[in-house]
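Participant: Structure provided below as structure tokens; questions to follow.
Nothing in this text is a laboratory measurement; each read-out follows from the coordinates by a stated rule. What you see is a predicted model; the values in this text were computed from it and never measured.
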Amino acid sequence: MYKTKRLERKNGIIAGVAAGIGDRYNIDPVWIRLLFLLALAPGGVPGVLLYLVLWVLMPKA
């Protein structure tokens, strides 16, 4: 039976959020980090707020 991966923080650069998302969806964490950087462009708040919310909500692996 196929078992899906859980969305959880991994050992990463800052808090492991991008590494966890990348692991869950089989994407290189560098691309996730670039998306967070792009989210910083419209004033910084969306990217930082999203990262902080995920940091709090995602369990540590």
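Participant: Mean separation of Cα pairs under 8 Å and 6+ residues apart, divided by the residue count of the chain: what relative contact order is that in percent? Intermediate results must be reported in sequence, preceding the final value.
Facilitator: On the way: 65 pairs, mean separation 20.8, N = 61.
Relative contact order comes out at 34 percent.
Participant: Oh, and also: Non-local amide H neighbours of Arg9 (under 5 Å, H modeled in plane, Pro and chain starts lacking H): which ones?
Facilitator: Amide H neighbours of Arg9, under 5 Å, 5+ apart: Lys60, Ala61.
Participant: Could you give me D for the chain, from Stokes-Einstein at 20 °C and 1.002 mPa s, where the hydrodynamic radius is the Kirkwood radius over C-alpha pairs? Units µm² s⁻¹, please.
Facilitator: Details: Rh = 11.9 Å.
The diffusion coefficient I find is 181 µm²/s.
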